[in-house]
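Asks: Encoded as structure tokens, here's the structure I'll be asking about.
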Amino acid sequence: MKVSDNCAACGTCIAVCPFTAISMGKNKAEIDMKKCTRCLTCVKACPLGVISRD
Amino acid sequence: MENKFGAIVVGAGPAGSTVAKIMALAGMKVLVVDRLPEIGHVKRCGEGLSRHHLDAAGIEPNPLWIRQPIDGAVVVSPNGTRIKLEGEKLDGYVIERKVFDKWLAQEAAAAGAKIQSRTDVKDIIREKGKICGVVAEFMGETVKYYADLIIAADGVDSLIARKAGINTTLKLVDICTCAEFEMAGIKLNEPDKIEICFGNDVAPGGYAWVFPKGQGRANVGLGVRGNRTDKTPYEYLKKFVKQLGYENGSVIEVNIGGVPVGGNTSQYVADNFALVWDAARQVNPIHGGGIGIAISSARILGEVAVEAWKKKDFSKDFLSSYEKKWDEAHGKKMRKLVRLRKFADNLSDRQLDDIAKKVKGFDLYELSQGKFRGFVRLAGKSPGLVRYLPLLLKS
């Protein structure tokens, strides 16, 4: 999964990730691929559509 | 020990600063940490605040952070029907969060709390399984702070709650994802009224707003629910701005954020730990407003925290009196408003227009406060609406 540089660090993806796979980095959200199941909930929640599958 | 405190509050927003101030005034040694380099900036908020919330908190409206007094609202249905809401209860302000938040933080500091910004909490520290502190990064170094009570006031994306064992994950239907432009150089038709627009074309699962900030400025934004649309709120916002005729206006701030609209999380205390405001999803599920409830919730928690400190008992059992007191103060209204939201989720644009034609501003206001009787009588006369009433009335 990829988080583009257009990420606003709003944290909505973190709030909805069922697997607690996302955390806030310095400037944008970071997805831990060890925990991510690619359920795409974050993709649907993101206000700017900055998350995508690799 | 300089890194040991009576309580650590993570997050110096209105809730964090308020709970810190109460604890500090009682004599507790309080640390407040915030990951932002500047407290209150960048806002994830429309900046609207009712007068009665300030009154309840004993806070005098202050010209430092008041931008525009508001004395009413205009609610717009999908087909453009406008319903005016006026009266004392609608009195409020559009404020400047970056000034307000810092002002509250200063108050907490003046009360004796120690606030440290640009401090990013990474994890909870446990000793023999017991929560006893936090690990954070501050100015390039890893630091550890210890306390008998950790309060998570760190917003909608709080991870500390989960690290403490409380699941606060939100379903898509329970979070409104929002995009907002703070605009300048625009002409406001009603500079002392907030405008709220509903409709599946405008803002599916949410609403669009114009919150005037005075001098040709306004927060223009909207929220949608991710389970109702594949488009982002930003795409809807561009359309809304054009619809308002503001496409040549200036955008002086871009705000993006998620607002919990599913009601408060059922558990918000654990041994040596408590959650407040967005982290606990203590937000109005109908209009997404939170500043008032933040201050109120923080006051309830602060008082319980002080009692716990005096009794040297920070167990989940003792702290659960915060949950009980919060429920007494806000629980019933919160549950009713969640039901109202679920009811409204089922309404088509046509049904919204139908309601807009029949309802008066007063009824709408009462509805937004969780008082359903007037509306139920109205809906009872409408065959299309009657079938959804059980959702509204079920307890």
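Asks: If a residue must be more than 9 Å from chain B (Cβ to nearest Cβ) and without any contact (Cβ under 8 Å) to a residue 24 or more places away in the chain, how many such residues does region A:20-33 contain?
Replies: 4
Asks: Give region B:117-166 a look and list any residue that's within 9 Å of chain A (Cβ to nearest Cβ) and touching a helix residue (DSSP H, G or I) at 6+ places or on another chain (Cβ under 9 Å), or say none.
Replies: B:Gly155, B:Val156, B:Asp157, B:Ser158, B:Leu159
Asks: So which of B:Arg44, B:Arg51 is open to solvent by 40 Å² or more (accessible area, probe 1.4 Å), touching a Phe, Trp or Tyr at 6+ places or on another chain (Cβ under 8 Å) and over 22 Å from B:Gly112 (Cα atoms)?
Replies: None of the others qualify; the one that does is B:Arg51.
Asks: A follow-up question, please. Of all residues in region A:11-39, count the ones that are charged (D, E, K, R) and open to solvent by less than 80 Å² (accessible area, probe 1.4 Å).
Replies: Here the count works out to 2.
Asks: Of the conditions (1) open to solvent by less than 30 Å² (accessible area, probe 1.4 Å); (2) within 14 Å of chain A (Cβ to nearest Cβ); (3) out of contact with any Cys (no Cβ under 9 Å at 6 or more places or on another chain); (4) of a type in the set (Val, Ile, Thr), B:Val173 satisfies every one except a single condition; which number is it?
Replies: Condition not satisfied by B:Val173: (1).
Asks: Restricting to region B:54-70, give me the number of residues that are at pLDDT below 95 and surrounded by 15 or more Cβ atoms within 10 Å (Cβ to Cβ).
Replies: Result for region B:54-70: 1.
The values are calculated or read from the model by the stated rules, or taken from the named source; none is laboratory data. Since the model is a prediction, treat every value here as computed from it, not as a measurement. A quick note on method: Cβ atoms are made from the backbone with ideal geometry, for glycine too, and the neighbour counts reach across all protein chains shown. Remember, those area values only see protein heavy atoms, side chains included, never the ligands or the DNA or RNA. Shrake-Rupley method; radii C 1.70, N 1.55, O 1.52, S 1.80 Å.
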